[in-house]
Amino acid sequence: MNEILQQLGQIKIIPVIALDRAETAVPLGEALLAGGLPCAEITFRTAAAAEAIEKMRTAFPEMLVGAGTVLTAEQAQKAQEAGANFIVTPGFDAAVVDWCLARSVPITPGVITPTDINQALAKGLDVLKFFPAEAAGGIKLLKAIAAPYVGVKFIPTGGIGANNLADYLRLPMVHACGGSFMVKKEWLAAGQFDKVKEATEQAVAIAKNL
Ligand code: 3PG
């Protein structure tokens, strides 16, 4: 397994972030680090994504900063140029996966069906985002879908919070969990980084006490 993806598996929780202003990236990174999470997935759902990745990477070189919601190879390139450590896609997109593999950029494509997983395996990938986890069927679906794919690791994302994080993290096929619950949009907009730190600490405590 790729070293960056291995590190994500040790960190166990990936905050999924949509930033309207790139300037938010630095105080946000500070709050995440203070709360005990040295990683972030900054999504290309906003125009500020690439600049935010660059700012967070520059201010905190010790953090793993990924680009999320990458839909095209062009976005993957922007993310790489901004210094992203890894790429996350919501679904399986062969063009984005090929772009990343050709440049040894770690990628976790989204999967939700056995067909998606087969496509990812054919590309040699073994750490996959399971999205949208809760809406699609949650732990029941994940257990059923993972059963034939021994050795494949999943990063469930979508609908995960402090209430169900431990249940996911206890599963042997779960590598880490992604979620926005410790980086709520309204907190970021209001500059409430103390709330980010508090929710991050809470999530880290859950992951430590499985
Ligand atoms: C994602 O982009 O991965 C999800 O939107 C995160 O899902 P959540 O907001 O339900 O945690």
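Screening Thr43 on (1) open to solvent by less than 30 Å² (accessible area, probe 1.4 Å); (2) under 11 Å from the mean Cα position of the chain (by Cα); (3) under 20 Å from Glu198 (Cα atoms) shows it passes everything except condition (3).
To keep it simple, each residue is scored yes or no on (1) closer than 30 Å to Glu23 by Cβ; (2) within 15 Å of the ligand (Cβ to nearest atom); (3) at pLDDT below 95; (4) open to solvent by less than 10 Å² (accessible area, probe 1.4 Å).
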| residue | (1), (2), (3), (4) |
| --- | --- |
| Ile145 | no, no, no, no |
| Gly159 | yes, yes, no, no |
| Met173 | no, no, no, no |
| Ala176 | yes, yes, no, yes |
| Lys184 | yes, yes, no, no |
| Lys197 | yes, no, no, no |
| Glu201 | yes, no, no, no |
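Taking the condition at pLDDT 95 or above and either of a type in the set (Val, Ile, Thr) or within 16 Å of the ligand (Cβ to nearest atom) (or both), does Phe60 pass? No; evaluated as a whole, the condition is false for this residue.
When Leu141, Leu101 are checked against the criterion of being within 16 Å of the ligand (Cβ to nearest atom), aliphatic (A, V, I, L, M) and not in a loop (DSSP other than H, G, I, E, B), a single residue qualifies: Leu141. Considering segment 37-57, the residues that are touching a strand residue (DSSP E or B) at 6+ places or on another chain (Cβ under 7 Å) and not aliphatic (A, V, I, L, M) include one that is nearest to the ligand (Cβ to nearest atom), namely Thr43. Listed by first and then second residue, the pairs linking a residue in segment 5-34 that is over 17 Å from Pro61 (Cα atoms) and open to solvent by less than 10 Å² (accessible area, probe 1.4 Å) to a residue that is of a type in the set (Val, Ile, Thr) and at pLDDT below 95, with Cβ atoms under 9 Å apart and 6 or more places separating them unless they lie on different chains, form an empty list. In this structure, is Ala73 within 16 Å of the ligand (Cβ to nearest atom), over 19 Å from Glu201 (Cβ atoms) and over 15 Å from the mean Cα position of the chain (by Cα)? No, not satisfied. Flag set for Phe154, criterion: touching a Phe, Trp or Tyr at 6+ places or on another chain (Cβ under 8 Å) and more than 12 Å from the ligand (Cβ to nearest atom). Report, by residue number, each residue of segment 1-21 that is over 20 Å from Val204 (Cβ atoms) and within 13 Å of the chain's Cα centre (by Cα). Correct list: Ala18 only. Residues considered: Gln192, Gln119. Of these, the only one that is away from the ligand (no atom under 15 Å from the Cβ), more than 20 Å from Leu71 (Cβ to Cβ) and either out of contact with any Gly (no Cβ under 8 Å at 6 or more places or on another chain) or polar (S, T, N, Q) (or both) is Gln192.
Given the structure, is Ile53 under 12 Å from the mean Cα position of the chain (by Cα) and either among the β-branched types (Val, Ile, Thr) or more than 18 Å from Glu23 (Cα to Cα) (or both)? Here the answer is no, as Ile53 does not meet what is asked. Among the residues of segment 58-81, the ones that are open to solvent by less than 10 Å² (accessible area, probe 1.4 Å) and hydrophobic (A, V, I, L, M, F, W, C) come to 6 in all.
Restricting attention to segment 76-98, the residues being without any contact (Cβ under 8 Å) to a residue 40 or more places away in the chain, within 16 Å of the ligand (Cβ to nearest atom) and β-branched (Val, Ile, Thr) number 2.
The values are calculated or read from the model by the stated rules, or taken from the named source; none is laboratory data. Just so it is clear, the model here is predicted, and its values are computed rather than measured. Please note: Cβ atoms are built from the backbone with ideal geometry, for glycine as well, and neighbour counts cover all protein chains shown. Ligands, DNA and RNA are excluded from the accessible area calculation, which covers all protein heavy atoms including side chains. Shrake-Rupley method; radii C 1.70, N 1.55, O 1.52, S 1.80 Å.
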